[in-house]
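The values are calculated or read from the model by the stated rules, or taken from the named source; none is laboratory data. Keep in mind the model is a prediction, meaning the values are calculated, not measured. Here the Cβ is made from the backbone with ideal geometry for all residues, glycine too, and neighbour counts use every protein chain on show.
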Amino acid sequence: MPDISARILEALGRSSYSPIKPKVLAKRLTVPEQDYPAFRQALRVLIHEGGIRVGPGSTLIAEDPRGIVFGTYKRTNTGPGYVRLDGKPGEPMLADVAIREGRELDAASGDRVQVKLLRPAGRMANASGEIVRVLERATRTFVGTYFERDGEGYVKVDGIVFAHSISVGDPGAKGARSQDKVQIDLLSFPTAEDRGEGVITEVFGPLSQPGVDLITVIRAFGLPEAFPEAALNEARAQADTFTETLDGREDFTGDLVITIDPVDARDFDDAVSVELDAKSGHTVLTVHIADVAHFVTAGGPLDVEARKRATSVYLPQKVIPMFPEVISNGLASLQQGKLRYVKTVQIEFDAKGQKAHVRFANGAIRARRRFSYEEVSAILKGDGELPAPDIIAMLNRLRELALRLKAKRQARGSLELSMPEAVLDYDADGRMSGAHFAVHDISHQMIEECMLAANEAVAEHFSRLQIPFLRRVHPAPNPEKLQEFATFAGFLGYPMARSQDRFELQRVLLESADKPERAAIHFSLLRSLKQAKYSPEQDQHYALASLFYCHFTSPIRRYPDLQVHRLLDKWIRTGRASADEKELVILGDHCSKMERRAETAERELVKLKLLQHLSTRIGTKLTAVITGVAEYGFFAQAEEFPAEGLIHVSSMHDDHYTYDEASRSLFGGRTKQRYRLGDRVIVEVARVELQKRMLDLRVVGKPPEAERPVEKRKPIRKKIEPVSEKKNKKKRK
């Protein structure tokens with residue numbers, strides 16, 4: 001029970017610090033009988049260390065309980081850190097506790113910690129405190145760059161996890177050479193007085209060597225790699241026994257069914273069909289989703305490994321799938337011309353986009369045609385080689401339905417955040433040659449609206465039947481955060497009368513969508529929102545303005561979808577279904593955590609590759625937009641190249657600049673030059689620090705049109721682009 005000490009301290013700290021008997025505490029913590037000896041041993045250690053004390057009647061009491069809180073520590077770029085306090089479902093988010101440098105003990109970013117408050121939160125500042133105990137380590141394994149100094153070996157850990165390098169003993173361990181990327185296990189964590197000690201466990205080679213950047217990110221985030229042999233054997237056994245027969249399923253093989261995916265996709269988990277009902281005049285949308293559950297036995301080796309991974313990870317030039325390729329790219333993948341098993345959602349929509357009828361089935365399809373997004377866009381424009389007339393007609397019906405569903409969603413207040421995705425370009429040898437922002441056009445929106453409709457239909461079905469299931473929830477933001485955003489938007493010329501009115505938010509997003517300040521505004525609102533998560537808790541999806549929502553449409557790459565599939569399968573076959581809500585809470589927390597890990601790892605590798613590319617292009621000039629301003633400088637996002645960097649005031653030699661908080665700008669006292677959020681500037685690449693993942697830019701001027709003052713803009717009425725539910729999957733193997 002490695003985390004039992006942390007659980008004991010937290011339980012005592014949250015019980016109003018009233019004395020409690022050891023057996024009562026064990027029961028509250030649901031300690032299994034076989035683990036009770038370990039529980040008693042943990043108590044003895046905590047008593048010896050002073051974390052708890054024994055009160056009257058052999059009761060347990062948290063030592064010095066006043067002002068003790070618990071949370072997760074994060075270190076900042078500038079050195080000091082903060083602790084994000086634990087909260088309970090349904091309760092307001094607690095303010096972070098600032099941890100000054102030197103008061104972090106030996107905590108590393110991501111560690112669970114116990115904090116003693118030194119100053120309570122006030123109107124003008126957060127609470128501050130000191131870490132008194134590390135309860136649980138996020139990891140003991142780190143990746144960094146090896147170097148030698150004064151006959152000793154050291155490793156500078158990537159990012160901002162530690163302020164100083166880690167001692168790894170005698171030089172040349174494991175054959176490491178200066179500037180090699182290495183993996184280390186920490187023997188002791190660094191403190192303000194001690195740099196810590198580690199041991200090199202693997203040497204990857206210099207970062208310039210092909211593939212080293214990839215393996216460093218995989219190891220740094222603890223991403224899974226090879227599948228266990230038992231899981232591979234189960235997948236092969238499924239392949240040996242599968243035959244393209246209906247097997248008692250509803251036959252959709254004669255229907256016109258198509259898939260639309262990225263051009264380099266290898267697995268296809270959704271297919272669609274859209275028809276008109278001659279009698280009712282209704283549009284009938286049929287969404288077919290790969291029936292992964294048919295090939296993956298609950299509790300078997302494949303299922304255990306998939307649950308552990310929880311999600312596929314999409315890295316540049318590398319996919320770490322949730323299932324072996326026999327399943328993900330073969331048996332379950334809805335490949336063109338092959339009979340495949342599906343879970344089917346069929347929805348009838350009237351002329352106003354209202355659902356008239358919904359039904360579910362275990363089906364079998366044979367996709368007639370696989371399309372890429374680019375091909376569909378060309379067909380809708382009448383360009384290039386056109387497919388059969390019935391396919392063109394269906395694509396037009398699909399576009400018409402998608403626009404109708406989008407308009408209906410917008411009418412209920414769905415928020416459309418425009419967050420461009422970076423796409424890396426490669427030459428014939430697989431080396432990065434450049435980068436651009438992903439295109440998101442009508443072909444993507446057509447599929448997204450279909451998937452949103454299917455997800456909502458399944459969630460509404462289980463909600464109506466009061467069957468617990470794993471929802472995709474996005475809680476409403478705190479009013480204070482929205483007020484801060486409204487103030488921020490007002491600085492940029494987008495006044496809001498009511499900060500909590502989602503239609504006001506929608507208007508600001510729309511009006512700024514094609515303006516230079518788009519990135520600043522859309523990122524600011526994103527930071528004001530809470531994170532979406534998986535949970536059985538009855539809650540809305542705030543961004544989608546949806547009361548009922550779950551993830552159902554990607555079971556090849558997301559474990560929550562597989563859980564929903566299994567529940568739906570029980571209902572289709574028996575008319576009944578049930579689930580353990582406590583088990584769903586645990587599963588939801590795990591899947592949410594693994595999803596965030598995967599997304600962070602992808603961002604990290606994309607950023608690393610972009611910085612490596614720019615490190616060979618010092619002096620390159622870029623047109624950029626200011627996305628953040630502070631006393632020490634401003635951040636700018638390049639318009640054509642997906643990279644953001646810092647222009648530090650120390651590099652602005654033409655004047656002495658002062659930060660004006662009221663206008664969120666830097667103002668030059670002599671030149672009267674002003675740099676504000678949303679301004680366009682011309683910058684050049686000045687310095688790249690790969691170790692810390694930092695890009696320094698230098699401002700060299702402003703485009704002529706950038707001198708215009710920020711205008712007060714009137715509200716406009718215009719449709720906005722939909723939220724992207726279906727990730728633009730980069731599945732190049």
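If you go through region 630-648 one residue at a time, how many are touching a His at 6+ places or on another chain (Cβ under 8 Å) and under 16 Å from R664 (Cα atoms)?
Result for region 630-648: 2.
If L697 meets every condition in (1) at pLDDT 95 or above; (2) in a loop (DSSP other than H, G, I, E, B) apart from one, which number is that one?
It is condition (2) that L697 fails.
Has region 271-278 got at least one residue that is within 23 Å of the chain's Cα centre (by Cα), assigned by TED's automatic domain parsing to the domain that holds M446 and of a type in the set (S, T, N, Q)? Break it down into steps so the answer makes sense when it comes.
First, pick out the residues of region 271-278 that are within 23 Å of the chain's Cα centre (by Cα): none.
No, region 271-278 contains no residue that is within 23 Å of the chain's Cα centre (by Cα), assigned by TED's automatic domain parsing to the domain that holds M446 and of a type in the set (S, T, N, Q).
Inside region 554-570, can you point out the residues that are of a type in the set (V, I, T) and surrounded by fewer than 23 Cβ atoms within 10 Å (Cβ to Cβ)? Write out each step before concluding.
Going through region 554-570, the residues of a type in the set (V, I, T) turn out to be 556, 564.
Of everything in region 554-570, nothing turns out to be of a type in the set (V, I, T) and surrounded by fewer than 23 Cβ atoms within 10 Å (Cβ to Cβ).
Sort out which residues of region 514-555 are among the hydroxyl-bearing types (S, T, Y), under 14 Å from P477 (Cβ atoms) and part of a strand (DSSP E or B), and write them in order of number. Outline the logic, then answer.
Keep residues of region 514-555 that are among the hydroxyl-bearing types (S, T, Y), which gives 524, 528, 534-535, 542, 546, 549, 553-554.
Among the residues that remain, those that are also under 14 Å from P477 (Cβ atoms) are: 524, 528, 542.
Hits for region 514-555: nothing passes.
Among the listed residues A95, A108, identify the single one that is of a type in the set (A, V, I, L, M), modelled with pLDDT of 70 or more and farther than 21 Å from A138 by Cα.
On the way: A108 fails: farther than 21 Å from A138 by Cα.
Matching residue, one of A95, A108: A95.
One line per residue, one yes/no per condition, for (1) within 25 Å of K352 (Cα to Cα); (2) under 27 Å from the mean Cα position of the chain (by Cα):
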| residue | (1), (2) |
| --- | --- |
| A378 | no, no |
| M394 | yes, no |
| V423 | no, yes |
| D429 | no, no |
| F437 | no, yes |
| I447 | yes, yes |
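Listed here are the residues, each with its yes/no results for (1) crowded, with 16+ Cβ neighbours inside 10 Å; (2) within 31 Å of the chain's Cα centre (by Cα); (3) of a type in the set (S, T, Y); (4) farther than 22 Å from V212 by Cβ.
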site	(1), (2), (3), (4)
I131	yes, yes, no, yes
V143	yes, yes, no, no
F147	yes, no, no, no
D185	no, yes, no, no
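Taking the stated definitions as given, is A298 in the same structural domain as T553 (by TED's automatic domain parsing), over 24 Å from the mean Cα position of the chain (by Cα), at pLDDT below 95 and surrounded by fewer than 18 Cβ atoms within 10 Å (Cβ to Cβ)? Outline the logic, then answer.
Working: in the same structural domain as T553 (by TED's automatic domain parsing): yes; over 24 Å from the mean Cα position of the chain (by Cα): yes; at pLDDT below 95: no; surrounded by fewer than 18 Cβ atoms within 10 Å (Cβ to Cβ): yes.
No.
Could you run through region 512-533 and say how many residues are touching a Phe, Trp or Tyr at 6+ places or on another chain (Cβ under 6 Å) and not hydroxyl-bearing (S, T, Y)?
Of region 512-533, the ones touching a Phe, Trp or Tyr at 6+ places or on another chain (Cβ under 6 Å) are 524-525, 528.
Right, trim to not hydroxyl-bearing (S, T, Y) and you get 525.
Residues that pass the stated criteria total 1.
Look through region 14-40, keep the residues that are in a loop (DSSP other than H, G, I, E, B) and in contact with a helix residue (DSSP H, G or I) (Cβ under 6 Å, 6 or more places away or on another chain), and return whichever of them is modelled with the highest pLDDT. Talk me through it step by step, then tell me what you get.
Going residue by residue through region 14-40, those that are in a loop (DSSP other than H, G, I, E, B) are 14-19, 21, 29-32.
From what's left, in contact with a helix residue (DSSP H, G or I) (Cβ under 6 Å, 6 or more places away or on another chain): 29, 31.
On the way: L29: 83, V31: 86.
Among those residues, the one meeting the criterion is V31.
Just to be sure I understand, how many residues within region 366-392 are of a type in the set (D, E), farther than 24 Å from V342 by Cβ and part of a helix (DSSP H, G or I)?
Step one: of region 366-392, the residues of a type in the set (D, E) are 374-375, 383, 385, 390.
Subsequent filtering for residues that are farther than 24 Å from V342 by Cβ retains 374, 383, 385.
Next, from what is left, pick out any that are part of a helix (DSSP H, G or I): 374.
Summing the residues that are of a type in the set (D, E), farther than 24 Å from V342 by Cβ and part of a helix (DSSP H, G or I) in region 366-392 gives 1.
Just checking, which of T259, T311, T283 is surrounded by 17 or more Cβ atoms within 10 Å (Cβ to Cβ), under 20 Å from the mean Cα position of the chain (by Cα) and at pLDDT 95 or above? Step through it out loud before you land on a result.
Working: T259 fails: under 20 Å from the mean Cα position of the chain (by Cα); T283 fails: under 20 Å from the mean Cα position of the chain (by Cα).
Being surrounded by 17 or more Cβ atoms within 10 Å (Cβ to Cβ), under 20 Å from the mean Cα position of the chain (by Cα) and at pLDDT 95 or above holds for just one of T259, T311, T283, which is T311.
Please go through region 94-112 and pick out each residue that is touching a residue at least 60 places away in the same chain (Cβ under 8 Å) and small (G, A, S).
Taking region 94-112 and keeping what is touching a residue at least 60 places away in the same chain (Cβ under 8 Å), we get 101-102, 104-108, 112.
Answer for region 94-112, where residues must be touching a residue at least 60 places away in the same chain (Cβ under 8 Å) and small (G, A, S): G102, A107, A108.
Residues being touching a Phe, Trp or Tyr at 6+ places or on another chain (Cβ under 9 Å) and of a type in the set (D, E, K, R): count how many of those fall in region 95-151.
8
Return yes when I618 is closer than 21 Å to M694 by Cβ, at pLDDT 95 or above and either not charged (D, E, K, R) or not in a loop (DSSP other than H, G, I, E, B) (or both) and no when it is not.
yes
Exactly one of these conditions fails for A476: (1) under 30 Å from I572 (Cα atoms); (2) among the small types (G, A, S); (3) assigned to a loop (DSSP other than H, G, I, E, B). Give me its number.
(1)
Of the residues R112, R133, only one is in contact with a helix residue (DSSP H, G or I) (Cβ under 9 Å, 6 or more places away or on another chain), within 26 Å of A310 (Cβ to Cβ) and among the basic types (K, R); which? So that I can check it myself, show each step before the final result.
Numbers: R133 fails: within 26 Å of A310 (Cβ to Cβ).
None of the other options fit; the residue is R112.
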